[in-house]
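Remarks on the structure that follows.
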Amino acid sequence: MSNAISQEVATRRTFAIISHPDAGKTTITEKLLLFGRLIQTAGSVKGKRNDKHATSDWMAMEQQRGISVTSSVMQFPYRDAVVNLLDTPGHEDFSEDTYRVLTAVDSALMVVDGAKGVEERTIKLMEVCRLRDTPIFTFVNKLDRDTRDPIEVLDEIETVLNIRCAPIYWPLGNGKGFQGVYNLYTDTIHVYEHGQGSKIPEDKRIQGLRSDEAKALLGAYADDYADEIELVKGASNEFDLEAYQAGELTPVFFGTALGNFGVRELLDDFVQWAPAPRARATETRVVQPEEAPFSAFVFKIQANMDPKHRDRIAFLRVCSGRYSKGMKLHHSRLGKDIRISDAVTFKAGEREQADIVVSGDIVGFHNHGTIQIGDTFTEGEDLQFTGIPHFAPELFQRIRLKDPMKTKQLQKGLRQLSEEGSVQVFMPMRNNDLIVGAVGVLQFEVVAYRLKDEYKVDCIYEPVNIFSARWVTADDPAKLEEFKKKAYDNLSVDGGDHLTYLPPTRVNLSLMEERWPDIKFRATREH
Ligand code: GDP
């Protein structure tokens, strides 16, 4: 074990934001970057991004849609910590990408709109966090607007998301009457001032809820607030670091991302409590982050980050050791050694040569088609990290060429796009169809666009009668053979040659599951 590596690893805080669209993820990201000194004025992130990629067709499509298809990595120092924020695509059609980003983080920040409470996409994303007991911070946003009763919002989080809430701060009013937040542990009021949103606001505090200064600020409501807070203290959970780190309890913060208030409070406690990188499981053993040999896995592949280089970048989450330029790495799946000299890190969207890279950090490798999601890279040991999921698609279409001469290009394109995780492809056993499966409708469009743009093939989609996909396995090979004969008409292999059952209806699926108790029908598949 290396002391230098473990000291460095202890500073890392790698996380992603989960929220429903419009809750304020982009706005809070911007404010975090402001505190991380990556930007000087808020309001610049979106504009800058647009200018930068104005020439790219791919990005043009993204802009046209007003969504962010891409997902990037932002690293910034804050206090003694080095924070890695992994951006996730906001549009639900790219939820698979988001799910996989969540496998690469050590914790998450949940942003909830104070007026709307827990919304549908947050519920889904929390389910994914649950798979790994990811520790969650909660920020209740938009307190500068009229919100619901905060007690009600916390109740909703507890019942709908099944996680205990421990408010660290409590809001003093909302909407026009929003005065600030009160720290339940230090008896301090953090005073909100309007119009500070584009910069780092002054840190104005009042010690003591019952102090004269507090009374002057809160006026006629001072006693009401004091009573309410007394009640909240008695009725809510106390913060418990262990329970938080086990994913059982979430510390709750309040504020306004737009007004850049409450974000500093969140960040201060986040760097203190959020977990540093932890041990990760592989098929053969557990890898500790401070081990000297380098290891990492691919959680995302992204095309055309830079319109000038029409390449693809594989994003790797480092799990141990230290990456250094020009090191020789072992690509476990291919059993091949390669030398990586041009790894990149992504600091606020700018490409920079990777610097000190340890567990928790993200590196980007240029990918010329040999790297797949889920791949593990080491310094020689044959390892395969587990827990990087494929989710069963929910939408299916048959893809057909306009020009039948281009079958080879289509197959190649679809294979590569499925390796990237952009889409899933299925080849039925009984015919030569190509079925494309996606989690969101927009994915189909992106695939057609990229097939045309990058592989020069024009495609059309046709409807197919498929309800869902299940990866099938069985302990008993004879049973599997028997099943294959019976279910032949609805069986396919996917892009990775895994046997899949594509039932035409929900009823078919339930019947099959009932009739074949020895066959496992899985809705997710790990790499
Ligand atoms: P995202 O879809 O989660 O990334 O949400 P955005 O950050 O783009 O915010 C959605 C909308 O809510 C935008 O118009 C923001 O300006 C607005 N918004 C975000 N945070 C706040 C807030 O604290 N107060 C108010 N009033 N509006 C906010």
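The values are calculated or read from the model by the stated rules, or taken from the named source; none is laboratory data. Everything quoted here is computed from the prediction, not taken from an experiment. Methodologically, a virtual Cβ is constructed for each residue, glycine included, from the backbone with ideal geometry; neighbour enumeration extends over all protein chains shown.
Among the residues of region 212-271, the ones that are surrounded by fewer than 22 Cβ atoms within 10 Å (Cβ to Cβ), β-branched (Val, Ile, Thr) and closer than 20 Å to residue 115 by Cβ come to 1 in all.
Evaluate the following for residue 374: is it surrounded by fewer than 23 Cβ atoms within 10 Å (Cβ to Cβ), of a type outside the set (A, V, I, L, M, F, W, C) and not in a helix (DSSP H, G or I)? The answer is no for residue 374.
Would a scan of region 163-184 turn up a residue that is outside any helix (DSSP H, G or I) and loosely packed, with under 15 Cβ neighbours inside 10 Å? No. All told, residue 15 falls short of being of a type outside the set (D, E, K, R), over 21 Å from the mean Cα position of the chain (by Cα) and at pLDDT 75 or above. Scanning region 78-119 for residues that are outside any loop (DSSP other than H, G, I, E, B), at pLDDT 90 or above, within 12 Å of the ligand (Cβ to nearest atom) and of a type outside the set (A, V, I, L, M, F, W, C) returns a single hit, 113. Restricting region 356-370 to residues that are touching a Leu at 6+ places or on another chain (Cβ under 9 Å) and hydrophobic (A, V, I, L, M, F, W, C), the residue that is surrounded by the fewest Cβ atoms within 10 Å (Cβ to Cβ) is 363. Counting only residues that are within 16 Å of the ligand (Cβ to nearest atom) and at pLDDT below 95, region 120-166 holds 7 of them.
Those residues that are modelled with pLDDT under 70, more than 21 Å from residue 88 (Cα to Cα) and under 23 Å from the mean Cα position of the chain (by Cα), I need them from region 330-370; list them, please.
354
Do any residues in region 143-159 that are closer than 15 Å to residue 119 by Cβ and part of a loop (DSSP other than H, G, I, E, B) have Cβ atoms under 9 Å from those of residues that are at pLDDT 95 or above and away from the ligand (no atom under 16 Å from the Cβ), where the two are at least six apart or on different chains, and which pairs are they? These pairs meet every condition: 148/156. Count of region 2-39 residues, restricted to those that are within 16 Å of the ligand (Cβ to nearest atom), outside any strand (DSSP E or B) and not hydrophobic (A, V, I, L, M, F, W, C), is 10. When residues in region 465-495 are screened for being under 23 Å from residue 516 (Cβ atoms) and crowded, with 17+ Cβ neighbours inside 10 Å, 14 of them pass. Could you check residue 486 against (1) within 20 Å of residue 390 (Cα to Cα); (2) without any contact (Cβ under 8 Å) to a residue 60 or more places away in the chain and say which number it fails? With (1) within 20 Å of residue 390 (Cα to Cα); (2) without any contact (Cβ under 8 Å) to a residue 60 or more places away in the chain applied to residue 486, the lone miss is (1). A Cβ distance below 6 Å, combined with a sequence gap of six or more or placement on separate chains, defines the contacts here; from region 259-282, residues that are in a helix (DSSP H, G or I) reach residues that are among the basic types (Lys, Arg) in the pairs 263/31; 271/13; 271/79. Please indicate, with yes or no, whether at least one residue in region 510-526 is touching a Gly at 6+ places or on another chain (Cβ under 9 Å) and touching a residue at least 24 places away in the same chain (Cβ under 8 Å). Yes, some residue in region 510-526 is touching a Gly at 6+ places or on another chain (Cβ under 9 Å) and touching a residue at least 24 places away in the same chain (Cβ under 8 Å).
The residue of region 31-59 that is surrounded by the fewest Cβ atoms within 10 Å (Cβ to Cβ), among those that are modelled with pLDDT under 90 and of a type in the set (D, E, K, R), is 51. Contact map, region 5-24: residues that are in contact (Cβ under 8 Å) with a residue 40 or more places away in the chain and more than 17 Å from residue 275 (Cβ to Cβ) paired with residues that are aliphatic (A, V, I, L, M) and within 13 Å of the ligand (Cβ to nearest atom), Cβ distance under 6 Å, separation 6+ or inter-chain. Pairs shown: 19/111; 23/111; 24/111; 24/257.
Screening region 425-527 for helices (runs of 4 or more DSSP H) wholly inside it with 2 or more residues that are modelled with pLDDT of 95 or more returns the ranges 477-487, 506-515. Being assigned to a strand (DSSP E or B), modelled with pLDDT of 95 or more and of a type outside the set (Lys, Arg) is true of residue 252.
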